[in-house]
Amino acid sequence: MVTRLMDYKNPDSHYSYDLKQSRFFTKNKANYINVLGPEQLRTIGDVFLLDVFLSAGNVVEPHYHSNASELIYCISGETIVSMINPSTNELKNIRIHPQQVVTIPQGWWHYFAANVDNTHVLTIYDTSELDTVWGSDVLRLTPPEVFAHTYCLDKGQIQQALQSIGETVIIGPPVDCKQKGGYSKEQAYYQPYYPPGPYYTRPMAPPYN
């Protein structure tokens, strides 16, 4: 956790920001991510946001955050969030709709995909400086012979399979992908149970004459 001393008397301090002005990644006009951190808004505190827009079949690639837990909030559309529990080696697939959330503990391997067009999710992190390890970087930067030797695989097949990953993907598949099939909206998923919780309302103030 990073603590920043803020001078709240400074008239130049800002407390609002337009995320449309801060693009983190663009695949195309329907698939992109905006970012909000201390570089955009110094008064944000220990929070970091990614504003994610996806069309059907697009995936925020497998990755993990070494220094933060994550909350994924669905604003519109439908997404399947997948994560591996390192304590049980269980893969969880959780489908969420608008106004539903998924929480991902720090360090868990995860990814999420849009089932429909115009899917919009907000990912929220409990840090102001987010560290992310992207799966595409692990695959493209690890020498193929290491995979081949470690897992008793054919080195030539590994090289052929991974040679097209020339940069960090972030939103896949790449725009030039010719592969048919892929991530199916009919894949198995775990539909969580949302127990009813207390609903708090503030009593209305009595009318005054």
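Rule-based calculations on the coordinates, nothing more; no lab input. These figures come from a predicted structure and were not determined experimentally. Please note: Cβ atoms are built from the backbone with ideal geometry, for glycine as well, and neighbour counts cover all protein chains shown.
Things worth noting here:
- In terms of its Cα atoms, the stretch 108-187 spans 40, 35, 23 Å along the principal axes, sorted from long to short.
- Column: log10 I(q)/I(0), Debye, Cα scatterers of the stretch 29-135, q = 0.10, 0.17, 0.23 Å⁻¹: -0.26, -0.77, -1.32
- log10 of Debye I(q)/I(0), alpha-carbon scatterers only, for the stretch 50-101 at 0.20, 0.21 Å⁻¹: -0.84, -0.92
- Within a straight-line Cα-Cα reach of under 19 Å, Lys178 can be paired with the following lysines, leaving aside sequence neighbours fewer than 8 residues apart in one chain: Lys27.
- Kirkwood Rh in Å, taken over the stretch 1-73 so that all alpha-carbon pairs contribute: 14.4
- Electrostatic dipole magnitude of the stretch 32-141 [Cβ: Lys, Arg +1; Asp, Glu -1; Cα centre; debye, to 20]: 200
- Here the gap between Glu39 and Asp7, fully extended at 0.36 nm per residue and compared with their Cα-Cα distance, gives a gain of 9.9 nm.
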